[in-house]
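Reading through the structure tokens given below for one structure.
All of the numbers you see were taken from the coordinates with simple rules; none came from a lab. As the structure is a prediction and not an experimental result, all values here were calculated from the model. Using ideal geometry, Cβ is built from the backbone for each residue, glycine included, and neighbour counts are taken over all protein chains shown.
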Amino acid sequence: MSKIHQLSETLSNQIAAGEVVERPASVVKELVENSIDAGATQVDVSVKDAGLAQIQVVDNGAGIEPDDVPVAFLRHATSKILTTRDLFNVHSLGFRGEALASIAAVAKVNLETATTAGVGTKIQVNGGEIGTPETAALRPGTQVQVDDLFYNTPARLKYVKSQQTELAKIVDIINRLALANPQVAFTLRHNDNLMLKTAGHGDLQQTLAGIYGVTTAKSMLDFESQDLDFKVHGFTSLPDTTRASRNYLSFMINGRYIKNLALTKALIAGYGSKLMVGRYPIAVIAIEMDPLLVDVNVHPTKQEVRLSKEDNLAQLLTQAVQERLASENLIPEALHNL
Ligand code: ADP
Ligand code: MG
């Protein structure tokens, strides 16, 4: 008698959800990235009980065509890539087609979407059960509401930390997404209280002000540099404005927030001996490069990437920071005028 069978779609989605949907903040990240990929200029996020009771993301992006709505919830269903060639030349934040299927496998999802005003589609997907789409009068854009996260996977719930910790992770991810996308206006509400608001005027320093406060944002040094492969620009704090953790460092590659130890070290190296041991600057660094030079298909959450010519980029960054700090030391009055 045969013993091997292929797992059901629902079960494989729940397994995949283990990688993509670790906690409420992962849901927020995936939904907001979808909004950004849809070209939204306004993204409103509201969460209840740190996202465990409810997460809602409303955008004014392109919307989903009626026939595509149920398909969007299938595993590996995406509008963003089609061929192997596309996989190595990714221009969007998403491309794996896993997020909606994974989230809907471990929560109750209501999606409302319209590509043009008036004619839209509503659908409910609970624990992987895709409901029947209904036509509805909606404004253009997409609204995704996720209720009772992990209601059907109690083991997952056990790994969720206190509401305070989970909320902090949500705020953190919205901060990074906002810094990576100054052209998008974000709001974040928790239990109906406004936690964060960015202007969305495309100005990085203004976005920084919305996140770290006007005084800090104003005191930071702007820098930019480029070589044949990379264009780097950003803001970094003066050596006396530091924090005890690396959490205030944000690196973006082609608009995607990433974590990278080599780049973190390169930034710090730019300060030479000016930083005290155990202290880190506040910085946001935006890097533009040919997507062919970065492999984003390393990890399901895509926060770790593989870079070709990483050493060259690191050197470019160190040098840019070094030169900017040196230029500041030449004119000490500038420090007093900030
Ligand atoms: P991916 O983002 O990797 O393509 P997802 O599961 O996150 O996979 O989404 C599946 C598809 O659903 C997307 O490729 C996109 O076509 C559509 N989609 C999801 N969210 C939105 C949104 N907010 N606006 C427009 N289309 C969306
Ligand atoms: Mg996605």
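Between Met276 and Lys218, what is the FRET efficiency for a Förster distance of 22 Å, r being their Cβ-Cβ separation, to the nearest 0.05?
Values: r = 23 Å, r/R0 = 1.03.
Here the calculated transfer efficiency is 0.45.
Can you work out the FRET efficiency for the pair Ser162 and Thr301, with r the C-beta to C-beta distance and R0 = 25 Å, to the nearest 0.05? Kindly include the intermediate steps, with their values, before the conclusion.
Numbers: r = 22 Å, r/R0 = 0.88.
Efficiency at R0 = 25 Å is approximately 0.70.
Measuring from label point to label point, each 7 Å out along Cα→Cβ, what is the Asp290 to Lys231 span in nm?
Each label point is offset 7 Å from its Cα along the Cβ direction, giving 1.5 nm.
Quick one: divide the alpha-carbon radius of gyration of the range 215-338 by 2.2 N^0.38 Å and tell me what you get. Intermediate results must be reported in sequence, preceding the final value.
Working: Rg = 14.6 Å, N = 124, 2.2 N^0.38 = 13.7 Å.
Its radius of gyration relative to the 2.2 N^0.38 Å reference: 1.06.
Determine which residues of the range 1-25 fall in the zone a paramagnetic label at Val71 would reach in this model, i.e. backbone nitrogen under 11 Å from the point 7 Å along Cα→Cβ.
none
Could you calculate the contour length gain from Asn247 to Leu261, that is, 0.36 nm times the residue separation minus the distance between their Cα atoms, to one decimal place in nm? It would help to have the intermediate numbers written out before the result.
Values: separation 14, 0.36 × 14 = 5.04 nm, distance 1.24 nm.
Stretched fully, the Asn247-Leu261 segment lengthens by 3.8 nm.
With +1 on each Lys and Arg Cβ and -1 on each Asp and Glu Cβ, and nothing else charged, work out how big the dipole of the chain is about its Cα centre, in Debye to the nearest 20.
Numbers: 31 positive and 37 negative charges, 184 e Å.
Roughly 880 debye, rounded to the nearest 20.
Going through the cross-link list Lys108/Lys169; Lys197/Lys265; Lys169/Lys218; Lys161/Lys309, which pairs have a Cα-Cα distance over 29 Å in this structure?
Lys197/Lys265; Lys161/Lys309, as the Cα separations exceed 29 Å there.
List the DSSP H helices in the chain whose Cα atoms stretch 15 Å or more along the helix axis and whose mean Kyte-Doolittle hydropathy is at least 1.0. Walk me through the intermediate numbers first.
On the way: long enough: 9-20 (16 Å, 0.02); 24-37 (20 Å, 0.11); 163-180 (26 Å, 0.44); 310-330 (30 Å, -0.42).
Helices meeting the criterion: none.
If you bin the C-alpha pair distances of the range 18-89 every 10 Å from 0, what whole percents do you get?
P(r) for the range 18-89, in whole percents per bin: 17, 41, 37, 5, 0.
Please work out how much length the chain gains when fully extended from Asn110 to Ser327, using 0.36 nm per residue of separation minus the C-alpha to C-alpha distance, in nm with one decimal.
Working: separation 217, 0.36 × 217 = 78.12 nm, distance 5.35 nm.
Going from the current span to full extension adds 72.8 nm.
Which value results when the Cα radius of gyration for the range 9-197 is divided by 2.2 N^0.38 Å? Before the final figure, lay out the partial values.
Values: Rg = 15.6 Å, N = 189, 2.2 N^0.38 = 16.1 Å.
That ratio works out to 0.97.
How do Ser35, Ser26, Ser2 line up, fewest other C-beta atoms within 10 Å first? Don't jump to the answer; show the numbers that get you there.
On the way: Ser35 29, Ser26 23, Ser2 4.
The fewest-first ordering by Cβ neighbours comes to Ser2, Ser26, Ser35.
When all C-alpha to C-alpha distances in the range 195-287 are sorted into bins of 5 Å, what percent of pairs does each bin hold, rounded to whole numbers?
3, 12, 24, 27, 20, 11, 4, 0, 0
Can you compute the charge dipole magnitude of the range 9-197 about its Cα centre, using +1 on each Lys and Arg Cβ and -1 on each Asp and Glu Cβ, nothing else charged? Give it in debye, rounded to the nearest 20.
Working: 17 positive and 22 negative charges, 101 e Å.
Computed about the Cα centre, the dipole is about 480 debye.
Given +1 on the Cβ of Lys and Arg, -1 on the Cβ of Asp and Glu, and no further charges, what dipole in debye does the range 159-199 carry about its Cα centre, rounded to the nearest 20?
Details: 5 positive and 3 negative charges, 11 e Å.
Dipole of the range 159-199, to the nearest 20 debye: 60 debye.
Equivalent ellipsoid semi-axes for the chain, as square roots of 5 times the alpha carbon gyration tensor eigenvalues: give them largest first, rounded to whole Å.
Details: eigenvalues 285, 95, 76 Å².
Result for the chain: semi-axes of 38, 22, 19 Å.
If I model a spin label as a point 7 Å beyond the Cα along the Cα-Cβ vector, how far apart are those points for Leu194 and Leu82 in nm?
Using points 7 Å along Cα→Cβ, the separation is 4.3 nm.
Arranged from highest to lowest average of other beta-carbon atoms within 10 Å per residue, in what order do the peptides 309-317, 193-201 appear? Could you put the intermediate results ahead of the total?
Values: 309-317: 17.8, 193-201: 15.1.
Taking the mean over residues of other Cβ atoms within 10 Å, the ranking is 309-317, 193-201.
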